[in-house]
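To keep things clear, I will list the structure first and then write my remarks on it.
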Amino acid sequence: MSEEPEQPVEEVQNEEELDESERAYREMQKLFEELSFRERWRRMMAGLKMPHDTGEYKFARLQLQRLSGPAVAVAVPLITVIILLLLPRREAPPPVTAAVEIVEPPEDIDIEEPPPDPPEPPDMLEPQDSDIDGPVGDITPVEQPAEVSNEPVSAKPAEMTTVANVKSPIVMPGIMASRNPGQRGRALGKWGAGGGDATVMRALRWLKMQQKSDGSWGDDGQFRTALTGMAILTYLAHNETPAPDTEFGPTVERAIRFLCDSLGSGEYFRDKDGNNYSHPIGVYALGEAYAMTKNPLVKSAVERAVQPIIRGQNPANGWEYKMAPTARTDTSYSGWCAQAIKAVHASGAQAPGLDECYEKAKHAFDSTFNGDHFFYQNTGTGANGHPGETPIATLCMQLLEQYADPKVRQAMGYMDACTYDFEHWENQPWGSSGPSPVYYWYYLTQAKFQVGGATFGAWNKMFLPELQKRQQIIKGEGGASGYMDLNGKYRDIGWWDSPSRGEAFRSNKGGLPCTWYQGGAATQGSTSLDCRIMDTTLCALQLMVYYRFLPTSQQVDTSVAGADVLAKPVVKKSDDVKVQVTRKRSN
């Protein structure tokens, strides 16, 4: 009998492998089963208790990962919100309260708004000869006024119109920063000089009526450059720039054009007096004009015209008449040269040797000082001559930053005895040896202001009412003055004559009536139009001393338009500021 064959081992193994494959397949199928959340949760919790190598445990891990995503997505924002709610709240900073006091100016301040420009008045001038300082020989009167051409004197007059289109900066650098209207009103209020501005306006209007059609002042001879320069300085001191739509803008524009045209392409002005005071006065005017307009044509002119002054400075650092290269230093002439150098240097114009000349000019008057005052000259052998030039040297040294020099302090002490009285103009430390009181007062008033304090306060009480009283006025009512503003309203005009017959060598040939004084006694005389123009500019400039120049020893940062002269606390821009406004009338 035959035996049944044994079952092959390979078949048993395939069966076992088939069972294992089936089991894995079934486990995989479970992964894709659609289970309810409750069933999924039950299996996950049960699987987590199984051995780690079982399918149930792996299934549980997978489900745990799937369920953790939505939970984290909800939990993280929720926790963030809870944390933010638990953070302490930051209280808003309290508002900063700044008390602003509006000080109303005294009622006597009369600063007129600039009206529109009136039509040009007829030329009613009868030019006469005069001089600025020092005798120049006999003066021959002009029988008939020179003819004035209506043709423009400039070959290219349109180029100069750029001056009129340049808006003068409200705040100017350095010592001219106080000329803007806001600072002007404040300065006048501080010194109780409000009525002085109305006096200045009368003088500016009178000067405007004397301007010729070519832009100059004076006759057609040697004094036109000097008088035109002095008139320009007077208008600029009042912040009257060549703006075309203002009362004095065209007046200033024509004057600046005249000086530039009379200079031509050279270094010297066409018209000059015997000692050539005209040149430094003209350079002084153009220096300030460039500082206030930044016109490139004025810059070119002033950079050329200052060259003869730089070259003419002598070894003693001063200047002689005509800027001649001699050892003599003339204090009066050096005064105009020093002021011209100061103006050009401050304007930002550049010229070879300008900086060196400026530094040397600080010692231009050293050689004319002796004792406690300055003399008229130094010829190389010592200071001599009358001491009426003391105010000239003193002011120039102050403007050139030498206000702390012992010579300046001694000179100010010497001038403590000076007075301001037209009838008794000789009552000065130098007596009647200085025959030009208005000329010396022009420097003396500025020197007193540079010192300030009680020194200027006492002087202010003398000179301000005296100048206001002595102005000769023609009222505008009924058209008597002949001056109409841009609004069609007739305005007052006014001028000054010197109380001294010797000022600028007056004579009865001028034909304009005036009053002279000697020892308090009045004498009726006559003067020339040139002398009257000079006297009027010098007196008007004195009445603008309050704001014409900041004291050189007290200059402040005026880089912000409208900034106060005194420093104020600064409030951070990021803070909220509550402004409390109060009003107070100044005394």
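The values are calculated or read from the model by the stated rules, or taken from the named source; none is laboratory data. What you see is a predicted model, and the numbers here were worked out from it, not measured in a lab. Cβ sites come from the backbone with ideal geometry, for glycine too, and all protein chains shown count toward neighbours.
Using the structure shown, decide if T246 is buried (at least 19 other Cβ atoms within 10 Å of the Cβ) and either among the β-branched types (V, I, T) or under 25 Å from the mean Cα position of the chain (by Cα) (or both). Can you show your working first?
Working: buried (at least 19 other Cβ atoms within 10 Å of the Cβ): no; either among the β-branched types (V, I, T) or under 25 Å from the mean Cα position of the chain (by Cα) (or both): yes.
No, not satisfied.
Determine whether Q63 is modelled with pLDDT under 70 and not aromatic (F, W, Y).
No, not satisfied.
Identify the residue in the stretch 325-345 that is modelled with pLDDT of 95 or more and small (G, A, S) and, among all such residues, is farthest from H386 (Cα to Cα).
Top of the filtered list is A343.
Of the conditions (1) part of a loop (DSSP other than H, G, I, E, B); (2) under 21 Å from D273 (Cβ atoms), K322 fails just one. Which one is it?
(1)
Can you tell me which residue among V283, V302 is in contact with a Gly (Cβ under 9 Å, 6 or more places away or on another chain), more than 23 Å from D530 (Cβ to Cβ) and crowded, with 24+ Cβ neighbours inside 10 Å? Reasoning before the result, please.
Details: V283 fails: more than 23 Å from D530 (Cβ to Cβ).
The unique qualifying residue is V302.
Please work out which one of (1) surrounded by fewer than 22 Cβ atoms within 10 Å (Cβ to Cβ); (2) more than 26 Å from T394 (Cα to Cα); (3) hydrophobic (A, V, I, L, M, F, W, C) is the condition A458 fails and give its number.
(2)
Consider V565 carefully, then state whether it is under 21 Å from K448 (Cβ atoms), outside the structural domain of A237 (by TED's automatic domain parsing), modelled with pLDDT under 85 and in a loop (DSSP other than H, G, I, E, B).
On the way: under 21 Å from K448 (Cβ atoms): yes; outside the structural domain of A237 (by TED's automatic domain parsing): yes; modelled with pLDDT under 85: yes; in a loop (DSSP other than H, G, I, E, B): yes.
In short, yes.
Since H373 meets every condition but one in (1) closer than 14 Å to Y277 by Cα; (2) touching a Phe, Trp or Tyr at 6+ places or on another chain (Cβ under 9 Å), which condition does it not meet?
Failing condition for H373: (1).
State yes or no: is E267 under 22 Å from L543 (Cβ atoms) and charged (D, E, K, R)?
Working: under 22 Å from L543 (Cβ atoms): no; charged (D, E, K, R): yes.
Here the answer is no, as E267 does not meet what is asked.
How many residues are small (G, A, S) and in contact with a strand residue (DSSP E or B) (Cβ under 7 Å, 6 or more places away or on another chain) when one looks only at the stretch 197-251?
As a first pass, look at the stretch 197-251 and keep what is small (G, A, S): 198, 203, 213, 215-216, 218, 221, 226, 229, 231, 237, 243, 249.
Keeping just the survivors that are in contact with a strand residue (DSSP E or B) (Cβ under 7 Å, 6 or more places away or on another chain) gives 203.
Of the residues in the stretch 197-251, 1 are small (G, A, S) and in contact with a strand residue (DSSP E or B) (Cβ under 7 Å, 6 or more places away or on another chain).
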